[in-house]
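Engineer: My structure is below; once you've seen it, I'll send some questions.
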Amino acid sequence: MDARANTTVAEVEGIVKRYRRGDETVTALDGISLAIRERELVALVGPSGCGKSTCLNILAGVDTADEGRVSVCGARLDGAPEDTLLRHRRSSVGVVFQAFHLMPHLTAEENVSLPLALAGRKDPERARVLLDRVGLSKRRTHYPSELSGGEQQRVAVARALVHRPSLLLADEPTGNLDSHSGEAVLALLDELRAREGAALLLATHDPDVARRADRVVRLVDGRVVGESPP
């Protein structure tokens, strides 16, 4: 990590998230606080069900905290109306999912361009440049069903970066890949993070993935129980 990168891109302070499960109330996040700096790679680690995905969803603006403060790129998301959250999702944040979530009826290039299209923007050159960077320039007209799992995830990485987000969120991005493809995707995420200037928060339960991070934050039962270099 660049030692000069001290600008805070995202911060959560004392966030709490509860869900109803029948007659039971489940606390997914129990007062966690976390700050992510520019160009930093932070690994959020812990067992399944510890709150990693919930934290990412709140930072992505697809879920809201019941308590606490959430700020991304200087904008407050806690208590924000849906139109503010929509603008946030389309401009400030990019998300890479474990399950790829590519549109099956769109080509690789069209999938990468989708965030721009949803925001009413056109920049076909940007999509082509990113597909070249992820090594798929010759596959840009192929559909997801014609791509391997590793290739689909690389398309998803390019899509997450196409609108130049300040914060990149990756939720178990290697979970559906073999070890070789997973390693390639991790290297790609790290390279593009540095090149594009985005901060990266990566949720994982894999210690080998966490070793790539500048900092590791450990969650158990919705609480931060440790924070350290990998």
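Every number in this text was worked out from the coordinates using simple rules, so none of it is lab data. Just so it is clear, the structure is predicted and the values come from calculations on it, not from any experiment. No Cβ is skipped: glycine too gets one built from the backbone with ideal geometry, and neighbour counts run over all protein chains shown.
Engineer: From the phi angles alone, apply the Karplus equation (6.51, -1.76, 1.60; θ = phi - 60°) to region 162-168 and give each ³J(HN,Hα) in whole Hz, x where the residue is Gly or Pro.
Structural biologist: In residue order, the calculated couplings are 4, 9, 6, x, 7, 10, 10 Hz.
Engineer: Report the FRET efficiency, 1/(1 + (r/R0)^6), for residue 80 and residue 25, where r is their Cβ-Cβ distance and R0 is 22 Å, rounded to 0.05.
Structural biologist: About 0.35, to the nearest 0.05.
Engineer: Skipping prolines and chain starts, which residues have an amide H placed within reach, meaning under 5 Å, of the one on residue 66, given they are 5 or more residues away or on another chain?
Structural biologist: Those lying under 5 Å, H to H, from residue 66 are 16, 17, 18.
Engineer: Students often forget the sequence filter, so: which lysines lie under 16 Å Cα-Cα from residue 17 once same-chain residues fewer than 8 apart are removed?
Structural biologist: The reachable lysines, counting only those whose Cα sits under 16 Å from residue 17, are 52.
Engineer: If contacts are Cα pairs under 8 angstrom and at least 6 residues apart, what is the relative contact order of the chain in percent?
Structural biologist: 28 percent
Engineer: Among all stretches of the chain without exposed trypsin sites (Lys or Arg not before Pro) (DSSP loop, at most 14 other Cβ atoms within 10 Å), which one is longest?
Structural biologist: 5-120
Engineer: When the dipole is taken about the Cα centre of the chain, and only Lys, Arg (+1) and Asp, Glu (-1) are charged at their Cβ, what size is it in debye, to the nearest 20?
Structural biologist: 620 debye
Engineer: Further question on the same structure: Tell me the label only: which of [x] -0.35, -0.64, -1.00, -1.26; [y] -0.41, -0.69, -0.98, -1.17; [z] -0.41, -0.74, -1.10, -1.31 is log10 I(q)/I(0) by the Debye sum over Cα atoms at q = 0.09, 0.12, 0.15, 0.17 Å⁻¹ as calculated from this structure?
Structural biologist: [x]
Engineer: Work out the charge dipole of the chain with +1 on the Cβ of Lys and Arg and -1 on the Cβ of Asp and Glu about the Cα centre, then indicate which of 92, 228, 81 is farthest towards its positive end.
Structural biologist: My answer, from the dipole projection, is 92.
Engineer: So for the chain, taking the charge dipole from beta-carbon charges (+1 Lys/Arg, -1 Asp/Glu), which of 143, 16, 101 sits furthest toward the positive end?
Structural biologist: Among 143, 16, 101, the one farthest towards the positive end of the dipole of the chain is 143.
Engineer: Starting from the amide H of residue 98, placed 1.01 Å from N in the peptide plane, find each other amide H under 5 Å away whose residue is 5 or more places distant or on another chain.
Structural biologist: Residues meeting the amide H criterion: 171.
Engineer: About the Cα centre, and with charges only on the beta carbon of Lys, Arg (+1) and Asp, Glu (-1), how big is the dipole of region 174-230? Nearest 20 debye, please.
Structural biologist: 220 debye
Engineer: Stretch residue 106-residue 227 to full length: gain in nm at 0.36 nm per residue minus the Cα-Cα span?
Structural biologist: 39.5 nm
Engineer: Now for a separate question. Non-local amide H neighbours of residue 7 (under 5 Å, H modeled in plane, Pro and chain starts lacking H): which ones?
Structural biologist: Residues meeting the amide H criterion: 38.
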